[in-house]
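Notes to accompany the following structure.
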Amino acid sequence: MRTLPKAAAASLLAIALPASAQQLSIATGGTGGVYYPIGGGFAEMINEHIEGAKATAEVTGASVENMGLIMRGDVDMALALADTVYQAYTGTDDFEGRQIENTRALASVYPNAVQLVTLADSDVESLSDLEGKRVSVGAPGSGTELNVRALLEANGMSYDDFTPQRLNFNETADAIRDGDIDAGFWSVGPPTSSIMNLATTRDIRVIGLSDEEVANARDEVEVFAPYQLQEGLYEGMDEAVQTIGIPNVLVVNSDMDEELAYQLTQLLFENTDELIAVHPAANDTTVEFTMASTPVPLHPGAIRYFEEVDADIPDRLRP
C-alpha cells in the first residue's frame, strides 16, 4: 500500500488546519532508541508538508509515560508499544484502575524486538543464565520494562532472580561496556543506535530465545509475535537470533480534530520514504501492518483515510 496514488497529497497544503493544530507535540522516548528519530522524522514531515503546523518530538520515558501524557492531553501524539497501549485502553495489568478509554490510533508504525545483549565473553548464553546477574530491564515507565517483566513471568522468572537495574538504552549500553552490569534488555526497533555503538567498542552477544520461551511469552501477551534478528544486524553478529516482536503504535486522544487526524495519517502513509530515510524501521510502516497489528480502535480521521484507499478495516478497529 506504500505506493498508493499520491494525487491527494497536494491537498495537504490546501486545507486550513484548526487552530489547535498550529503547535503539535509527539511523545517519543530516550535519544538512544528508535522512538526519538522516528518521532523527530515525522515532526519534520509535518513541518514540511502541513501548512501552518509546527511539530516537535519530546524526549520521554517512553510507552507507559507516553500513555499518561495522551490521557492528560499534554501531548498530541505518542509512540507506544502495543501491549502498553492495549493495557491502557482496557484498564488492565499496569493500568488497572486508571483506564485510558480515550486512546485512539493513527497507525502501527513498526515492530519492536526484545533484544537481550551481553558481552561476547560473558557466561550469559540464555534467559535462565541471568540468575544472580546484574541486568538492566529498561527505563522506569518504559515499554521495555513491561515486556521484560511479561517475558520473565511467562518463563517462571522474576526480578528476584537477579539484580535489576532500571536504565535507559544509552545507560544500558554504557554499563555493559564498562562492566557495571552483565546484560541488558532493549525493546526497540532494530537496529538501534545504542547497541550499534556498543558493538563498535566491545564484542557483544545477542541472546536468543528458545521456541518454548517464545511460546510461553505469546501465551502471556497476545500482541507478542515471533521475530528474527537477522545475521549481521550488529557488528560481530554472525547468525540470526530468535526473539519476540511487538508492534509500535502512533496514538492520539479521541478529542483530536478529525481533519487533523486525517491529514496526519495521509502524510504518514503517502510520504513513508521520508521516514525510512530517517530510520530503516519505517520499512514496516504500511497500511497492511496497521490493519493486522493495531490493538485499539482507530481515530475517525484515520478511518476516513483508510477508507479512501480501500483498506480492509477490521471491525475491531472501528470505535
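Hey, what angle do you get for helix 63-72 against the long axis of the chain, alpha-carbon based, 0 to 90 degrees rounded to 10?
So the helix axis and the longest Cα principal axis differ by about 30 degrees.
Output needed: percent of Cα pairs per 10 Å distance bin for region 19-137, bins running from 0 to the one holding the longest distance.
The distribution over region 19-137 is 12, 35, 29, 16, 6, 1, given as percents.
Once you place label points 7 Å from the Cα toward the Cβ at GLU258 and GLU288, how far apart are they in nm?
3.0
Count the net charge of all other residues whose Cβ sits under 14 Å from the Cβ of GLY30, scoring Lys and Arg as +1 and Asp and Glu as -1. Show your work: numbers first, answer last.
Numbers: positive: ARG166; negative: GLU58, GLU65, GLU145, GLU171, ASP174.
Around GLY30, the charge tally is -4.
On the first, second and third principal axes, largest extent first, how far apart are the outermost C-alpha atoms of region 181-301 in Å?
Extents along the principal axes, in whole Å: 50, 35, 26.
How far is helix 169-178 tilted, in degrees, relative to the longest principal axis of the Cα atoms in the chain, given as a value from 0 to 90 rounded to the nearest 10?
It works out to around 20 degrees.
Roughly how many Å is it from the Cα centre of region 57-118 to that of region 231-294, as a whole number?
15
Counting Lys and Arg as +1 and Asp and Glu as -1, what is the net charge of the other residues whose Cβ lies under 10 Å from the Cβ of LEU69?
-3
Let me check I've understood the local charge: for LEU198, count other residues with C-beta under 12 angstrom from its C-beta, Lys and Arg +1, Asp and Glu -1. What total comes out?
Neighbourhood net charge equals -2.
What FRET efficiency would be calculated for the residue pair ASP123, GLU220, taking the C-beta separation as r and a Förster radius of 35 Å, to the nearest 0.05?
For ASP123 and GLU220, the calculated efficiency is 0.80.
What area, in nm² and to one decimal, does the C-alpha convex hull of region 59-101 cast on average over all directions?
Computing the convex hull of the Cα atoms and averaging its projections yields 2.8 nm².
Rg and Dmax of the chain over Cα atoms: what are they, in angstrom?
Using the Cα atoms of the chain, the pair Rg, Dmax is 19.3, 61 Å.
Enumerate by residue number the GluC sites (Glu not before Pro) in region 50-119 meeting two conditions: DSSP loop (anything except H, G, I, E, B), and at most 14 other Cβ atoms within 10 Å of the site's Cβ. Don't skip to the end; give the middle numbers.
Working: sites: GLU51, GLU58, GLU65, GLU96, GLU101; in loops: GLU51, GLU96, GLU101.
For GluC sites (Glu not before Pro) across region 50-119 that sit outside H, G, I, E and B with at most 14 neighbouring Cβ atoms in 10 Å, the list reads GLU51, GLU96, GLU101.
Please go through region 159-263 and write out the GluC sites (Glu not before Pro) that DSSP classes as loop and that have at most 12 other C-beta atoms within 10 Å.
Listed in order of number, the matching sites are GLU222, GLU231, GLU239.
Helix 143-154 against the longest principal axis of the chain: what's the angle in degrees, Cα atoms only, rounded to the nearest 10?
Helix 143-154 sits at roughly 50 degrees to that axis.
May I ask for log10 I(q)/I(0) of region 97-149 at q = 0.25, 0.26 Å⁻¹, from a Debye sum over the Cα atoms as equal point scatterers with solvent left out?
-1.17, -1.22
Which part of region 217-233 falls in the paramagnetic zone of TYR159, meaning amide N under 20 Å from the point 7 Å along Cα-to-beta-carbon?
Answer for region 217-233: 221.
Readers should treat all values here as calculations from the given coordinates under stated rules, not as data from a laboratory. For clarity, every value in this text was computed on a predicted model and none was experimentally measured. Cβ: placed from backbone, ideal geometry, glycine included. Neighbour counts: every protein chain shown.
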